[in-house]
Amino acid sequence: MSKKINHNRRYFLTTMLKTIAATQLGMIGCTTQHATSATAELLIEGELPSLVGAIAWLNSQPLTVDELRGKVVLINFWTYTCINWLRQLPYVRAWAEKYKDRGLVVIGIHTPEFEFEKNIDNVRRASTEMKIDYPIAVDNDYVVWRAFENHYWPALYFIDTQGRIRHHQFGEGEYEQSERVIQQLLSESRTGHVSPKMVEVDARGFEAAADWGSLKSPENYLGYERTENFASPGGAVLNKRHLYTAPAQLKPNQWALSGDWTIGRQAIVLNKSGGRIAYRFHARDLHLVMGPAERGMSLRFRVLVDGQPAAAARGLDVDVRGEGTATEQRLYQLIRQPKPITDRQFEIEFLDSGVEAFAFTFG
């Protein structure tokens, strides 16, 4: 790619023992953390910052720090196309339901990564589809994000009844530890007996935990600002229409374009039908954040794996013929392959022009 590209990027680490994923603003991807004792003393990490920077609230009237005094509060930073947050969501939903009558208030802070995630109608639709009924603060201007000095999607902050931050969790994972913290803070508040039993979740679809043992592909953006491993001959032509070709062979985690595309700072846009994206990946799941560049369009696509229509390896958004339709800007699950997991060549061909694609994520 061009030397003009900003190499602030996603980074990727795996461990045989414990892998937790987090998405960080400016450095986005999976990170490894080690568990700490769930019964360790919870120190005071700071005070609950103001929430007044939110431009709107969903499922609730605006909440203030004063109103939340006396409640145990769980703050969850998220953005609706983040696969790391999607895999954490079933636990947050379950905690909100289980402990709401014990004094827990869960608040989702939606801080967008992509421009289309700033659209409140999009956030409302996504939260409805994901069955989120707890309060959501829409933080389009990053005011609440900065007040917490936060850097990650997803991030959890645990606040006691006195408004003090007592614990945090960056990234997915450590669910038992997080629930033990909630139980401890509720016990401290003396709101009644809190059962030590952990919630049980049946996570499916996007929300299913990643297959960490076979995950060897990092998340990757497609816009020139933060992408890497672009392999089309001649490299990228920035912000201009260009006819690309894909090499005959891709190395692991390389990607390429074929057809008439414009590579922009945050996304790529297909100018003429028949364009393709190819990606050599190693993971159970492959997702693509994409959608019509113009609202109201419906764009057909075809998914291939190693040159054949995705059938047994198809994801939620692909039918038995290996085909699908993009009708809105969101995360699409295109591949969920059965074992054994090996290096595979993914291709998506768009039968209509006008698609805008932002990022690949894996699981």
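Structure above, values below:
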quantity	calculated
Test: Met27 is open to solvent by 70 Å² or more (accessible area, probe 1.4 Å), modelled with pLDDT under 50 and touching a Lys or Arg at 6+ places or on another chain (Cβ under 9 Å)	yes
Strands (runs of 3 or more DSSP E) enclosed by the stretch 250-315 - at least 2 residues per element that are in contact with a Cys (Cβ under 7 Å, 6 or more places away or on another chain), open to solvent by less than 20 Å² (accessible area, probe 1.4 Å) and farther than 23 Å from Lys339 by Cβ	none
Options Trp95, Trp57: the member that is more than 18 Å from Leu331 (Cβ to Cβ), over 20 Å from the mean Cα position of the chain (by Cα) and touching a residue at least 12 places away in the same chain (Cβ under 8 Å)	Trp57
Residues located in the stretch 164-200, provided they are assigned to a loop (DSSP other than H, G, I, E, B), more than 19 Å from the chain's Cα centre (by Cα) and within 30 Å of Phe360 (Cα to Cα)	Glu200
Close pairs from the stretch 336-363: first among the basic types (Lys, Arg), partner in a strand (DSSP E or B), Cβ under 8 Å, at least 6 apart	Arg336/Asp285; Arg336/Arg314; Arg344/Arg280; Arg344/Phe281; Arg344/Val305; Arg344/Ile335
Test: residue in the stretch 41-64 that is part of a strand (DSSP E or B), open to solvent by 60 Å² or more (accessible area, probe 1.4 Å) and within 20 Å of Gln162 (Cα to Cα)	yes
Test: Gln333 is in a strand (DSSP E or B), closer than 23 Å to Gly213 by Cβ and open to solvent by 10 Å² or more (accessible area, probe 1.4 Å)	no
Positions within the stretch 104-119 being within 14 Å of Ser60 (Cβ to Cβ) and open to solvent by 10 Å² or more (accessible area, probe 1.4 Å), in sequence order	Val105
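Conditions (1) modelled with pLDDT of 95 or more; (2) open to solvent by 40 Å² or more (accessible area, probe 1.4 Å); (3) not acidic (Asp, Glu), marked per residue:
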{"position": "Val138", "(1), (2), (3)": "yes, no, yes"}
{"position": "Trp145", "(1), (2), (3)": "yes, no, yes"}
{"position": "Glu149", "(1), (2), (3)": "yes, yes, no"}
{"position": "Ala155", "(1), (2), (3)": "yes, no, yes"}
{"position": "His167", "(1), (2), (3)": "yes, no, yes"}
{"position": "Gly173", "(1), (2), (3)": "yes, no, yes"}
{"position": "Glu188", "(1), (2), (3)": "no, yes, no"}
{"position": "Thr191", "(1), (2), (3)": "no, yes, yes"}
{"position": "Val194", "(1), (2), (3)": "no, no, yes"}
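The values are calculated or read from the model by the stated rules, or taken from the named source; none is laboratory data. The structure displayed is predicted, hence computed values, not measured ones. In this analysis, Cβ positions are derived from the backbone assuming ideal geometry, glycine residues included, and neighbour counts consider all displayed protein chains. The protein model used for the area step is the full one, side chains on, heavy atoms only, and it has no ligands, DNA or RNA in it. Shrake-Rupley method; radii C 1.70, N 1.55, O 1.52, S 1.80 Å.
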